[in-house]
Amino acid sequence: MTLKKIVLYSLFLGAIAMVIHACQSASEIELAKYHSNGKDIYKTKCQNCHGENGEGLGELTPPLTDTIFLQQNKQKLACYIKNGVNEPMEINGKIYHEKMAGFKDMHDIDIAQVIVYITNSFENKQGMYTYEQVANDLKNCK
Amino acid sequence: MKKIVRYTLVASLIALGTSCKQEKKLPIYGDREAKIIKDASGNEKIDTIYKTIPNFKFLNQDSIEITQNTFKNKVYVADFFFTSCSTICPTMHRHMKTIYEKFKSNPEVMFLSHTIDFKYDKPSVLKKYAQKLGVDVPQWQFVWGNKEEVYKIAEKDYLVAVQEDNTATDGYIHQGWLVLIDKHKRIRGAYDGTKPEEVEKLKNDISILLAEKE
């Protein structure tokens, strides 16, 4: 291998690495943006019942700390928020059955942001969830 | 010798400092009037009549009628809420629960939550709510009364604004005051139950009130 080839290869690989790196940080920035907007929405719309740390309130409001529940029901979260809930749920091994009012006026982007906040806070770490996914999940609400 | 003088000086200053410390007292709220009374020896004196919470009759979460007697010789915290309220009430009761946790072993402290949803929040609903909040205990009374009585005592006596409003999120609007009442049924403080710092002040003031000499 000539020196010229080595230089070319390393330049090429370096360029690829830079592109990947740039992409990654762009998506990280997007996630951070969703997360911080989601936090503001959480504070005004969710925190009074679900608590500052997602701890819930007695048996009146379930906590948001059941990472497995949130993972398994990820596709339903948008429906819960938009349309409300009135069915029993098992969370952290306990049954909760209280009515939650829906937030009909929330836009897909707001729902996406608050879901990103919830599913990446309180011990959850699920990563990104876009407003396109919200639109899709809302089509399948029961 | 010099040392001894200095020590005595410091010690006497400390003694002076502590003896001058005045006992902290909470203000007494509400209208008051002056009344001329005669003492035992017939001399006329002016006495101040403070506003007090009048007698009441409400049904609690066990459908038992409770009156002022339930709160005789108690310091209590009163508030107005309703079970289907999704705005300020959960925050108020989350905070009130921390006050309850702090004073639950003190039989001199009680809690009185009035529902303003006279249509729906019947005693059985209040019972379920209290259980689910985790405070279904005699120390914390949840009470139901008809609209006239509850709204009147809220506005005229506890000085908390409440009203029915079809345009509001849950059908009612009300203020989130936690009102502190002393053993003589007088208002000694009102704290915004949605603000953590005011709730901390209330906890502190309950201790001050309990330590007050009659």
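The values are calculated or read from the model by the stated rules, or taken from the named source; none is laboratory data. Predicted model only: the values in this text are computed from it and were never measured. A quick note on method: Cβ atoms are made from the backbone with ideal geometry, for glycine too, and the neighbour counts reach across all protein chains shown. Only protein heavy atoms, including side chains, enter the accessible area calculation; ligands, DNA and RNA are left aside. Shrake-Rupley method; radii C 1.70, N 1.55, O 1.52, S 1.80 Å.
In this entry, A:Leu57 passes the filter for residues that are within 30 Å of B:Lys97 (Cα to Cα), surrounded by 17 or more Cβ atoms within 10 Å (Cβ to Cβ) and within 14 Å of chain B (Cβ to nearest Cβ). Within 18 Å of the chain's Cα centre (by Cα) and open to solvent by 60 Å² or more (accessible area, probe 1.4 Å): is that true of A:Glu132 in this structure? Against the criterion (within 18 Å of the chain's Cα centre (by Cα) and open to solvent by 60 Å² or more (accessible area, probe 1.4 Å)), A:Glu132 qualifies. Within segment B:40-62, the set of residues being in a loop (DSSP other than H, G, I, E, B), over 19 Å from B:Ala161 (Cα atoms) and open to solvent by less than 70 Å² (accessible area, probe 1.4 Å) comprises B:Gly42, B:Gln61. Per the listing A:Gln24, A:Gln75, the residue uniquely in contact (Cβ under 8 Å) with a residue 40 or more places away in the chain, part of a helix (DSSP H, G or I) and open to solvent by 90 Å² or more (accessible area, probe 1.4 Å) is A:Gln75. Scanning segment A:38-53 for residues that are open to solvent by less than 60 Å² (accessible area, probe 1.4 Å) and away from chain B (no Cβ under 13 Å) returns A:Gly38, A:Ile41, A:Tyr42.
Candidates are the residues of segment B:90-131 that are more than 14 Å from chain A (Cβ to nearest Cβ) and of a type in the set (Gly, Ala, Ser); the one that is most open to solvent (accessible area, probe 1.4 Å) is B:Ser105. Looking across segment B:132-165 at every residue that is within 14 Å of chain A (Cβ to nearest Cβ) and buried (at least 20 other Cβ atoms within 10 Å of the Cβ), the one that is farthest from the chain's Cα centre (by Cα) is identified as B:Leu133. Pairing residues of segment B:171-182 that are closer than 22 Å to B:Asp205 by Cβ and among the hydrophobic types (A, V, I, L, M, F, W, C) with residues that are part of a strand (DSSP E or B) and open to solvent by 20 Å² or more (accessible area, probe 1.4 Å), at Cβ distances under 8 Å and at least 6 apart in sequence or on separate chains, gives B:Trp177/B:Ala190; B:Trp177/B:Asp192; B:Leu178/B:Ala190; B:Leu178/B:Asp192; B:Val179/B:Ala190; B:Leu180/B:Ala190. Kindly establish whether A:Glu123 is away from chain B (no Cβ under 14 Å) and part of a strand (DSSP E or B). No: the conditions fail for A:Glu123.
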